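What follows is one structure encoded as structure tokens, with my remarks underneath.
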Amino acid sequence: MKNKFLKSLVASFAMTVSGIVNAGIIVLDFEGVGDNASVNDFYNGGTDSLGNSGIDYGVEFSSNSLGLIDSDAGGNGNFANEPSESTVLFFTNGSAIMNYLSGFDTGFSFFYSSAFDATINIYDDLNATGNLLGQLTLTANSSDNNCTGDPNGTYCNWTNIGMSFSGLAKSVDFGGTVNRVAYDNITFGSSEAQLESTPVPEPSTLAVFTLGLMGLASRKFKKQA
């Protein structure tokens, strides 16, 4: 009876932990990517085209993905009031695909600034293949009018946009936005863009917690015996 209870407890906890891990929110703010550098594998255990590296989230970008730094911070970016620090994402001509190798679920979102309407597509396989899980339509939102705060930059208005979807997404096609849209705080796991990632418990912490639960359960059975 005791062994059955402990096994049930561990199994239930494992399911809870799995839910916690899957519920983690990952945010790409592009800080640390070089000005006019291709993002490439900056978030995939590698580097951007200038040799800078970030956190390895298993996210890779096509070579026409550029990091742009606000001109007020010493870069060449023609934007202002960006949601986080000074760096944003921009795609030039060609294929504009982001792959998330392990996949993500629940939702996808970001901030954007654009002088044109555009669309992006979310797929359940790599390289914009497989089933279409969702589509986001972006409407023009930016001009050099009504800019406040940050002193310089035509792209100064930012919209928080996102969507929920069913299934496991593995790639996003930004092809309908090349040379049109600036992005910041790309967020996986939420239909509303966030300013920072939500930490998930470390495996070692979870293991200690599991052993603690088992110990409590064991002592409870000893007292009842």
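The values are calculated or read from the model by the stated rules, or taken from the named source; none is laboratory data. Computed from a predicted structure; not experimentally measured. Using ideal geometry, Cβ is built from the backbone for each residue, glycine included, and neighbour counts are taken over all protein chains shown.
Regarding segment 69-88, can at least one residue be identified that is part of a strand (DSSP E or B), in contact with a helix residue (DSSP H, G or I) (Cβ under 9 Å, 6 or more places away or on another chain) and at pLDDT 95 or above?
Yes, because at least one residue in segment 69-88 is part of a strand (DSSP E or B), in contact with a helix residue (DSSP H, G or I) (Cβ under 9 Å, 6 or more places away or on another chain) and at pLDDT 95 or above.
When the residues of segment 89-104 are narrowed to those that are touching a helix residue (DSSP H, G or I) at 6+ places or on another chain (Cβ under 7 Å) and not in a strand (DSSP E or B), which ends up surrounded by the fewest Cβ atoms within 10 Å (Cβ to Cβ)?
Ser95
Among Gly162, Gly130, Gly134, Gly153, which is in contact (Cβ under 8 Å) with a residue 60 or more places away in the chain and surrounded by fewer than 22 Cβ atoms within 10 Å (Cβ to Cβ)?
Checking each option against the conditions leaves just Gly153.
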